[in-house]
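Here's the structure we're looking at; comments come further down.
The values are calculated or read from the model by the stated rules, or taken from the named source; none is laboratory data. Quick caveat: nothing in here was measured; it's all calculated off a predicted structure. Here the Cβ positions follow ideal geometry from the backbone for every residue, glycine too, while neighbour counts run over all protein chains shown.
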Amino acid sequence: MPPMQFLRARRSPADNRLSIGIAIPTCRRWTCSPAGGTVPPTTIKGVQNSMFDPPLGEFASFAHDIADLARQTISSAAGVRREPIAKSDASPVTETDRAVEKCLRERIADHFPDHGVLGEEFGAEGLGNEFVWVIDPIDGTKAFVAGLPVYGTLISLTRGGTPILGLIDNPMTGDRWLGVSGQPTTLNNVPIRTASTTALATAFIANGNPDAFSPADKSRVESLRRITRWCVYGGSCIAYGRVADGSVDISIDGGLDPYDYCALVPVITGAGGCITDWQGRPLTLNSGGLCVATATDLLHRHVLEILA
């Protein structure tokens, strides 16, 4: 098998364009026995079981399986089941959101009956359990309804309230980010890294919804936006995946719930980035609704100074 190479998005200093270099292995799952009888660790979609406790490898493989199930459910609904319904908080939900979450919860209950589940559409079960799966069937429902390819399924596993596994799946493009505690983040099974940006003046910032902030928080974000280089809106979870692969330097949001941010934590940190609340505290099941992810620790410190 050829050596794995990193997938990075880089800016050309001459014209500020983004260029992406990709190297993808010829197979995604392999086991071989070289001369001498030594068997290398088995790679299951980017996760090496020998490098951490076996259950994490099992959990990562399971996360891929249920992400495949979510993708199939969403794809089968394309163009026919996108009529939104307003929830009590006025946010939209579709029949597809509920169908995806129902399928995932049933699969989790079958495979891990002692694990808890927290989902956007059907609430929480077993939050006091050691392991809790946190799922958002369609993060970016408005984009899904509009047919825009900036939505995704979020799947996370927490242990004691701390995210230890995160998966972002974009069913429209086929992109899938996987972050596992202690492992490098992968995009489509290829290890990735965040950009090396440290200065706000050269940073590319993303925000999912500027209307989700309180007036005071919106003013802080606007102060940050004014001193960064470029800004893009409406990326939902995909913007955080792009921080992880080096395309975007900062992603910031408000009004989030655990099912919005838990999956992002291992994805960002495993790629070398930093993700916290606006006070610099780690994100857990009990964090508030403010989240910011950055490419580097130094850039993160600069951002937190503006948000203080």
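Can you tell me which residue is farthest from G255 (Cα to Cα) among those in region 96-137 that are part of a helix (DSSP H, G or I) and among the β-branched types (V, I, T)?
Ranking the qualifying residues of region 96-137, first place goes to I108.
Go through region 123-143 and give me each residue that's among the hydrophobic types (A, V, I, L, M, F, W, C), at pLDDT 95 or above and surrounded by fewer than 22 Cβ atoms within 10 Å (Cβ to Cβ).
Scanning region 123-143 gives A124, L127, F131.
Of the residues T73, T38, which is assigned to a loop (DSSP other than H, G, I, E, B) and modelled with pLDDT under 95?
Of T73, T38, the one residue that is assigned to a loop (DSSP other than H, G, I, E, B) and modelled with pLDDT under 95 is T38.
Show the residue pairs meeting these rules: Cβ distance below 9 Å; 6+ apart or different chains; first residue within region 173-202 and farther than 19 Å from L299 by Cα and without any contact (Cβ under 8 Å) to a residue 60 or more places away in the chain; second residue surrounded by fewer than 19 Cβ atoms within 10 Å (Cβ to Cβ) and of a type outside the set (S, T, N, Q).
Qualifying pairs under 9 Å: T173/P149.
For region 191-209, enumerate the residues that are more than 18 Å from I168 (Cβ to Cβ) and surrounded by fewer than 17 Cβ atoms within 10 Å (Cβ to Cβ).
Within region 191-209, S196, A199, A201, T202 meet the criteria.
Has region 121-130 got any residue that is under 27 Å from H302 (Cα atoms), touching a Pro at 6+ places or on another chain (Cβ under 8 Å) and not assigned by TED's automatic domain parsing to the domain that holds R301?
There is no residue in region 121-130 that is under 27 Å from H302 (Cα atoms), touching a Pro at 6+ places or on another chain (Cβ under 8 Å) and not assigned by TED's automatic domain parsing to the domain that holds R301.
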